[in-house]
Each structure stands twice: as structure tokens, then as C-alpha cells.
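All remarks here apply to the structure that follows.
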Amino acid sequence: VLFLLGVVIVETLSMTSSWKPLENNLSALIGMNSPAVLYTFILILFVLLPVGVFYLICYLLKLWLGKEKYQTKSLVTEFAFLFIPLGIALHLAHNIQHLLLEGPIAVPATIRFLQNIGIGTSLSINWNPPPLMGLEPIFFIQMSIIVTGFGFTMFVLYRLLRRFHRPLNHVYKMTLAMSFYALVVVLSSIYMLGLPMSGRHVH
């Protein structure tokens, strides 16, 4: 689950204006400028990042709960799946922008395809249709999706902790630790979604 969250982060970043500076900085650091190599390095870095941060949080949680009672690995495996809703929300929030900004392009693209195969050659259409929405309402929709994903994650956490027969103070500590990680994911998602789209993704 955490690896997939990292993949979604890479997919989102690769379509923003921060991607090229990230590639340039990494290229200067490792002394290589192959796009395939740079993408692989960035993919590995951002796929491992959510895992590493979550593992660190679970390790600190283990110390907080009492290291003789819990293992870091067991905490990771018990709680990692909570973040499926947030990963889906980030992926959906990013792609809703493509749909609402670029969706109208489907109409002239379809007509052009029909014209290329000899159907409807007399049709004419505006080849640059306006987006369905402006950036501000789209960003509001994206934030609503992210908040909904956060809400689902908190609901799953609540259901999971209800099944645990643990001391109440342990449940509170687990809730705080998992909520903190969820908030880190939410704030990171808001930052990434607020970045301008890359020129290669503007049609």
C-alpha cells in the first residue's frame, strides 16, 4: 500500500512544473542526464519515502507504547492499509483536473479521428474548446476529494481500533500516530496539487 502511495506521488509530481527542476538537480548530483535513469532514481526515492517515514513513525510509536509489547513490523503491517483511501483520493484529485481542463478536447479529437477515416469530413469545430471549469473551482473539488479520502482513512482507523483489545491509552497513542501520518500525506497532497501543471501536459 505504501509503495503504491509513493507511485501515485511520482505520477502527480511528474505532471507539475516541479518535475523538470527536480530532474535537473538530480542530474547535477549524480552526473547523469539520461531521462530513463533520472526517472528511475526519482521513482525509487519517492516510492521508498512514504515507506521510510511510516516505518519511522511506527518505530517511535513502538517506543512510546513500550518496546517490549510491540514490534515495529507488526505495527506497519497492521496499519499500512489505512492509507488506501488517501492514495486513491490523491490519484483521483489529480486526474479530475485533467478531466475538467482537458475533457472538452475529446470532442474535436473524436471528430478529427472520424475525418481521418473519411466520416463527417464536412464537419467543422472549434479545435480549442474552453475547459469545463476554472482552476479555482477545480482546486476546491480536489481539496474536497482529499478531505473525503482523509475521512475514510480515519473511519477505517476507528473500525480497526475497535477490534483491538488494547489499553485505552495505547489506542489514543495509535490514533495520534496514524492521524499524524495521514495529515502529512494530506498536506503533501495539497502542496503537490497546488503546483502549476507542466507545459507538456497543457494542450
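The values are calculated or read from the model by the stated rules, or taken from the named source; none is laboratory data. In this text the structure is predicted, and so the values were computed from the model without any measurement. Cβ sites come from the backbone with ideal geometry, for glycine too, and all protein chains shown count toward neighbours. Note: accessible area is taken over every heavy atom of the protein model, side chains too, but ligands, DNA and RNA are not part of it. Shrake-Rupley method; radii C 1.70, N 1.55, O 1.52, S 1.80 Å.
Taking max minus min of the alpha-carbon positions on each principal axis, the range 65-169 gives extents of 76, 30, 20 Å, largest first. Just to confirm my numbers, what's the Cα centroid distance between the range 179-198 and the range 128-152 in Å? What the calculation gives is 14 Å, centre to centre. Kirkwood analysis of the Cα pair distances in the range 142-199 returns a hydrodynamic radius of 12.9 Å. Add +1 for every Lys or Arg and -1 for every Asp or Glu among the other residues with Cβ under 15 Å from the Cβ of Phe41, and state the total. Value of the local net charge: 0.
Quick one: ranking Thr40, Thr175, Thr77 by accessible area, 1.4 Å probe, largest first, what do you get?
Thr77, Thr40, Thr175
The apolar share of the surface of the chain, taken as the fraction of accessible area on carbon and sulfur atoms (1.4 Å probe, ligands and nucleic acids excluded), comes to 70 percent. Each Lys and Arg adds +1 at its Cβ and each Asp and Glu adds -1 at its Cβ; summed about the Cα centre, the chain shows a dipole of about 780 debye. The amide H of Thr16, built 1.01 Å from its N in the peptide plane, has Ser198 as neighbours under 5 Å, considering only residues 5 or more places off or on other chains.
With respect to the chain, whose longest principal axis is taken over its alpha-carbon atoms, helix 2-13 is tilted by about 30°.
According to the Kirkwood relation over distinct C-alpha pairs, the hydrodynamic radius of the range 14-58 is 11.4 Å.
Roll a 1.4 Å probe over the protein chains and send me the accessible area per residue for the chain in Å². Numbers along the way, then the final one.
Working: 12000 Å² over 203 residues.
On a per-residue basis, 59 Å².
Between helix 168-194 and the chain, what is the angle of the helix's C-alpha long axis to the longest principal axis, kept within 0 to 90° and rounded to the nearest 10? Approximately 20 degrees, to the nearest 10. Counted by Cβ distance under 15 Å from Leu65, the other residues give a net charge of +4, where Lys and Arg count +1 and Asp and Glu count -1.
Charges only on Cβ, +1 for Lys and Arg, -1 for Asp and Glu: so what's the dipole of the range 1-108 about the Cα centre, in debye to the nearest 20?
Values: 5 positive and 5 negative charges, 78 e Å.
That gives the range 1-108 a dipole magnitude of about 380 debye.
If the viscosity is 1.306 mPa s and the temperature 10 °C, what Stokes-Einstein diffusion coefficient in µm²/s follows for the chain when Rh is the Kirkwood radius over Cα pairs? Once the numbers are plugged in, D ends up at 81 µm²/s.
For the chain, the longest principal axis of the Cα atoms and the long axis of helix 19-30 meet at an angle of about 60 degrees.
Tell me what the chain gives for mean residue ellipticity at 222 nm when only DSSP H runs of n ≥ 4 count, each as -39,500 (n - 2.57), the sum divided by the residue total, rounded to 500 deg cm²/dmol.
On the way: 8 runs with 149 residues, N = 203.
Dividing the helical sum by the residues of the chain leaves -25000 deg cm²/dmol.
Does the range 1-102 come out rounded, prolate or oblate, given a ≥ b ≥ c as the square roots of the eigenvalues of its C-alpha gyration tensor, rounded meaning a/c under 1.5 and, failing that, prolate meaning a/b above b/c?
Oblate, because a/c is 1.5 or more while a/b does not exceed b/c.
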